[in-house]
Amino acid sequence: MSLSPGLTATSDRQDGGLVAAFTVCLGTAQLYEPDNAATGAALADVLTKLHRHLFEFGAIHIDSRNRSIYVDDERLRASASEYHTVRRLLTLFDDWGIGTLTFLSDLTAAELSEFMYILARSRLHTFAALESALRERHIANIEVAPPPDEMTMGAEAPLRSHSPLRTYSSCIDVYRELHTAVIQHGHIQTRRLRRVTQAVVDQVLTDEFSMLALTTLKEFDDYLFNHSTNVAILSVALGQHLGLPKTQLGELCLAAFLHDLGKIEVSRDILVKPGPLDKREWEEMRRHPVNAVHLLLSQHNLSRSILRAIISGFEHHINYDMSGYPHVRFMTGVTLFSRIICVADRFDAVTTARSYRDRTMTPHEGVHYLMAGSGTDFDPLVVKLFIDTMGLFPPGTLLGLDESRIGVVRRPPLPGTPADRPLVYLVKGSDEGALVDLSDRDDQGRYRHTARLVYNPDNRGLMPAVTPLDLTG
Amino acid sequence: MRFYPPDHPLATESVDLLHRTARVLLAERQEIVLNVQESSLDFEGIPVFSGDRPRENLAFLMFRDGVRSLRLRSGLQRDEMVALVKVLAQADALDRAEDDLATVLWEQDFAHIDYYVLDPLLEGEEEESTTADDLRTGLFKVFGQTDTLDLAEGLPPELAPDTTKQDERPVIGSLTLTQDLEQFEQAMRAEPDVLDEFLLVLCEILVDPSSSTESPDVPRAIGELLTSYLDRGEFDTLASAIQRLRELGQSAPDKVPALEAIIGSLASLERLRRAVLGLDGPFVDQRAGLEAVLLQLGESAHASLLQLLAEADGINGRRAVLNTLAHGGISMQQIVPYLSDPRWYVVRNMAYLLGTLRDDTTLPALERAIAHPDERVRREVVRALGNLNEHQAARLLELALSDPASSVRVLAARGIVWQKGSTAAALLLGLVAAKDFAARPESEVQAFLEALGDLADDSAVSSLDVLWEPRLFLRRRPTHVRVGAVRALGRIATPRARQSLERATRSSDSEICGQAKKSLAEAYRKGAAP
């Protein structure tokens, strides 16, 4: 066994001022008319920042690639407080199909204003529409280019092209192998664990909603495999919203994936017992955090990510107020990773049907459960982030809409939209099979659809947020 | 980078050249894509690197781990190039149970380097497992039951959405305020290092009453952790960790033996060697930290440190060990065997340690060592004798006044002054009065005259007068001898010495006159003192 905390090399731009000003200006343009003072001030701010760069370099290129924003080839590293700004810009680039946005040195205030209002107010978001709008309005000093086609650029295949489902099922397979390996010889090969957890991070970064939807597949395999995979996905999603860099997300994902590793050593009779546990059984169950530490300590190389996994394996049942288990004497706080994993773990646990309870919480109740424990069991910031990430009706929630339609929440609300207005897949009533965005408004600005009831289907809490069709691709 | 450390000039130059070349190419074409074949790297269809021996063939190592292409993009930074080269250089040394090139490259999170990895588990090369099929089958089943679902309402009334005022409900955007996130960023900056957290977890498990019969993994891991701090030169952290373990022992006395065994395991020669020798290498600024650690290790480290004292040829390492042993309660019994070491510097260091003990029982050992053929050893012995206050020590110092080496005689003269009831004054007077005295090195003359001034009384005044006064028909003695004699009179400070100094103040020799005035003032001060 040796300790080898890893090092990373990155080249990142720390200053996100321009991007922040850009997104603020976009938000203002969505709300106010061009002659409004707030819009004028926001535009002036962007223009000043742009001109400062343009004066020095002649042109500014803003690229979106690998789920990062690059300004003049330097990657923008977003801190927690800047994360939403960068994410909004990434979403904007995705929506319009923009790969590169270039501002040229002769950019005028009028051109910038026109461009902002195109982005803010146009109904049709396609790259072709944007190009044609720029042409029609004679905006010569702003250029847009689509993302490069990876296949035409020399590489044999696109980067990390695996599908969310493949990644999800691979996680379950790898956990199954892990389970067998631990039982047979007690040794864990972390290489495959790293591969799949790194793949989970890549998937969450590129397609967060698909991965979140897959966490609602809860009843099709051994609980521990599904649960560990789900907690890994939920944790990475939360970590992403905290602006954690990719390397740390990798560590978080591995730690979350292995958080319940110690349960492998808990008797299966206890794990699946269809009733309350007696004192001895509880004692055995409460040993699983310590079991996880012992299992992971058998590794030859205690890399930084394994150390994180050991810490979170031990801490994930210690509450924010230090109650819970194992009882600790010296610790005065729980690490951030463990606080994140704790929230993800409890949410997935309470919303998963288990043999020992007749009724499972709906995801919406799961959110209320987290809110009720905020500040005592859970870190309040992580709970808020959880709601920001999952919405008040997380994926899998079965909602009754108006006109007796029933649908499953498929993805959380997009950033900037109300937390109670997700995208819903209709499973009953008229328009069955259609997707309904609860944040859509009519011409008068009223919401077209509204959630009126939360159902608990067969008391198992939720419905899968993916359809069989989704799993055929 | 396989053969040289990253900061070696050859490694630096190679990386610089590679980076410059890449930048030139990237300026022309925005990106460079290398396709990885089994035994070659291709650029635009042309092999640009190939090799036959698999273990040394970079292409093979990349191919084996599934890397199928590598793309460098414009904006590539030197530190990224260094990291890439470092990763590739270590590709064959990776523990394949834990890592491969794909996982290590991923962890670098390069901003301007992309790569494509073909992973049979995650991509199309391997048949999809049955898990995906199971997921689909289960999903079909659930959706097939949609019509028969028991749709119990899932919320207690107080949590249910208010269906009467849907459109008037406040719009909820992000619950997380910028202020929250800024506080979080501050908290993250203050969060302890992962190794500290790890140690805390291990400590919690170690003192857990129910873990008394557990495997030895935890003590072993704590030992490994402490060793890693030691190996990396993180001595301050190690000192805190040891402190923490000792505190832990206070609250769990039954664990003290186990904890001390863990701490004691650091004290082996092999473990301490790298740290001590490193003080004259990579850990050059860490001496105080290591000394703190070594002191915490206490007696368990003494044997190793004595051994290292014989090995360490750098001044920092030697000083750290000597300081530690000097302040850490080393015993004479541990030192004495090394006095017979054939290496002069080993004996010298032991003599130093004997001196730090300030213990009269060390005299027999010092007496043996003062006969050492190397003057550097004898010097240290004389220093050690100067720390003792015993008749036998004074006798040995008196003998050393006639040592063949001037440097030893100087130290003996300085040391003898502190011997209570020394009878060396007469001996010194004889030596000073000897014909060859003035021809001795300046430092020796000075030391002898100072000693004489401190130990002698009126009986020495006339001899000193002879030394400073001008000689009829003969060449004057060297100035340093004459000035030294005047200074010695100032130290004697008796009325007769003062009279002699009065005369010297009238000397036509400005140096004698100047020194005499100073010494006279000193003599009066001394005479006025109770």
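The values are calculated or read from the model by the stated rules, or taken from the named source; none is laboratory data. Note that the structure is a prediction, hence the values are computed from the model and not measured. No Cβ is skipped: glycine too gets one built from the backbone with ideal geometry, and neighbour counts run over all protein chains shown.
Here is a yes/no grid of residues against (1) assigned to a helix (DSSP H, G or I); (2) outside the structural domain of B:A369 (by TED's automatic domain parsing); (3) touching a strand residue (DSSP E or B) at 6+ places or on another chain (Cβ under 8 Å):
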| residue | (1), (2), (3) |
| --- | --- |
| B:V408 | yes, no, no |
| B:S459 | yes, yes, no |
| B:H480 | yes, yes, no |
| B:G484 | yes, yes, no |
| B:S507 | no, yes, no |
| B:K517 | yes, yes, no |
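Run down A:I387, A:I310 and say which single residue is over 22 Å from the mean Cα position of the chain (by Cα) and closer than 21 Å to A:V236 by Cβ.
Result of the check over A:I387, A:I310: A:I310.
With the condition kept exactly as written, say whether any residue in segment B:47-55 is of a type in the set (V, I, T) and modelled with pLDDT under 90.
So far as segment B:47-55 goes, yes, one or more of its residues are of a type in the set (V, I, T) and modelled with pLDDT under 90.
Condition first: farther than 27 Å from B:P257 by Cα, of a type in the set (V, I, T) and within 17 Å of the chain's Cα centre (by Cα). Now tell me which residues in segment B:294-345 satisfy that.
The answer is B:I315, and nothing else.
Would you check if B:S228 is under 27 Å from A:G239 (Cβ atoms), assigned by TED's automatic domain parsing to the domain that holds B:Q296 and of a type in the set (G, A, S)?
yes
Which residue out of B:R29, B:R20, B:R68, B:R64 is surrounded by fewer than 16 Cβ atoms within 10 Å (Cβ to Cβ) and either under 30 Å from the mean Cα position of the chain (by Cα) or within 13 Å of chain A (Cβ to nearest Cβ) (or both)?
One residue alone meets the criteria, B:R29.
Inside segment B:309-365, counting only helices (runs of 4 or more DSSP H) that do not spill past its ends, which hold 3 or more residues that are within 18 Å of B:L294 (Cα to Cα)?
Per the criteria, B:315-327, B:344-357.
Out of all the residues in segment A:438-462, which are facing chain B (nearest Cβ under 7 Å) and over 12 Å from A:R421 (Cβ atoms)?
A:R446, A:R452, A:L453, A:V454, A:Y455, A:N456, A:P457, A:D458, A:N459
State whether one or more residues within segment B:77-87 are touching a residue at least 60 places away in the same chain (Cβ under 8 Å), touching a Lys or Arg at 6+ places or on another chain (Cβ under 8 Å) and not in a loop (DSSP other than H, G, I, E, B).
no
Cβ contacts < 6 Å: first residue in a strand (DSSP E or B), restricted to segment A:63-91; second residue of a type in the set (S, T, N, Q), any location; separation 6+ or different chain. Result?
Pairs that qualify, where the first residue is in a strand (DSSP E or B) and the partner is of a type in the set (S, T, N, Q), are A:D63/A:T100; A:R75/A:S68.
Just need a number here: residues in segment A:164-175 that are at pLDDT 90 or above and more than 8 Å from every other protein chain (Cβ to nearest Cβ).
The total comes to 2.
In segment A:100-116, is there at least one residue being under 25 Å from A:E208 (Cα atoms), of a type in the set (S, T, Y) and buried (at least 17 other Cβ atoms within 10 Å of the Cβ)?
Yes, segment A:100-116 contains a residue that is under 25 Å from A:E208 (Cα atoms), of a type in the set (S, T, Y) and buried (at least 17 other Cβ atoms within 10 Å of the Cβ).
Which residues, taken from segment A:301-324, are more than 11 Å from chain B (Cβ to nearest Cβ) and either surrounded by fewer than 24 Cβ atoms within 10 Å (Cβ to Cβ) or among the acidic types (D, E) (or both)?
A:H317, A:N319, A:Y320, A:D321, A:M322, A:S323, A:G324 - these are the residues of segment A:301-324 that are more than 11 Å from chain B (Cβ to nearest Cβ) and either surrounded by fewer than 24 Cβ atoms within 10 Å (Cβ to Cβ) or among the acidic types (D, E) (or both).
Would you be able to tell me the number of residues in segment A:437-473 that are on the phi < 0 side of the Ramachandran plot, free of Cβ contacts under 8 Å to residues at least 24 places away in the same chain and part of a loop (DSSP other than H, G, I, E, B)?
Number of matching residues: 9.
Kindly provide the set of residues from segment A:346-399 that are surrounded by fewer than 24 Cβ atoms within 10 Å (Cβ to Cβ), hydroxyl-bearing (S, T, Y), in a loop (DSSP other than H, G, I, E, B) and touching a helix residue (DSSP H, G or I) at 6+ places or on another chain (Cβ under 8 Å), ordered by number.
If the condition is that a residue be surrounded by fewer than 24 Cβ atoms within 10 Å (Cβ to Cβ), hydroxyl-bearing (S, T, Y), in a loop (DSSP other than H, G, I, E, B) and touching a helix residue (DSSP H, G or I) at 6+ places or on another chain (Cβ under 8 Å), then A:T352, A:T360 are the ones that fit.
Name, by its number, the condition in (1) surrounded by fewer than 24 Cβ atoms within 10 Å (Cβ to Cβ); (2) within 19 Å of A:T180 (Cβ to Cβ); (3) away from chain B (no Cβ under 13 Å); (4) touching a residue at least 60 places away in the same chain (Cβ under 8 Å) that does not hold for A:S298.
Only one criterion is unmet by A:S298, namely (3).
Considering (1) more than 24 Å from A:S303 (Cα to Cα); (2) over 19 Å from the mean Cα position of the chain (by Cα); (3) surrounded by fewer than 19 Cβ atoms within 10 Å (Cβ to Cβ); (4) at pLDDT below 90, say which one B:V207 fails and leave the rest.
It fails just one condition, (3).
Among the residues of segment A:199-225, which ones are touching a Cys at 6+ places or on another chain (Cβ under 9 Å) and either at positive phi or surrounded by 24 or more Cβ atoms within 10 Å (Cβ to Cβ) (or both)?
Hits for segment A:199-225 are A:A199, A:V200, A:V201, A:V204.
Quick test for you: out of A:F93, A:F103, pick the one residue that is out of contact with any Gly (no Cβ under 6 Å at 6 or more places or on another chain), of a type in the set (F, W, Y) and closer than 28 Å to B:T176 by Cα.
A:F93
For segment B:133-177, enumerate the residues that are of a type in the set (V, I, T) and either farther than 26 Å from A:R446 by Cα or at pLDDT 70 or above (or both).
Passing the criteria: B:T137, B:V142, B:T146, B:T148, B:T176.
Being away from chain B (no Cβ under 11 Å) and assigned to a strand (DSSP E or B) is the filter here, so list the residues in segment A:408-436 that pass it.
Selection gives A:V409, A:R410, A:R411, A:L423, A:V424, A:L435, A:V436.
In segment A:147-163, which residue that is modelled with pLDDT of 55 or more and surrounded by 15 or more Cβ atoms within 10 Å (Cβ to Cβ) is farthest from A:L471 (Cα to Cα)?
So the residue we want is A:P147.
Considering only segment A:176-214, how many residues are touching a Gly at 6+ places or on another chain (Cβ under 7 Å) and facing another protein chain (nearest Cβ under 9 Å)?
2
So, of the residues in segment B:71-90 that are surrounded by fewer than 22 Cβ atoms within 10 Å (Cβ to Cβ), out of contact with any strand residue (DSSP E or B) (no Cβ under 8 Å at 6 or more places or on another chain) and of a type outside the set (S, T, N, Q), which turns out to be nearest to the other protein chains (Cβ to nearest Cβ)?
B:D79
Testing A:A434 on (1) modelled with pLDDT of 90 or more; (2) on the phi > 0 side of the Ramachandran plot, one condition comes back false. Which one is that?
Failed condition: (2).
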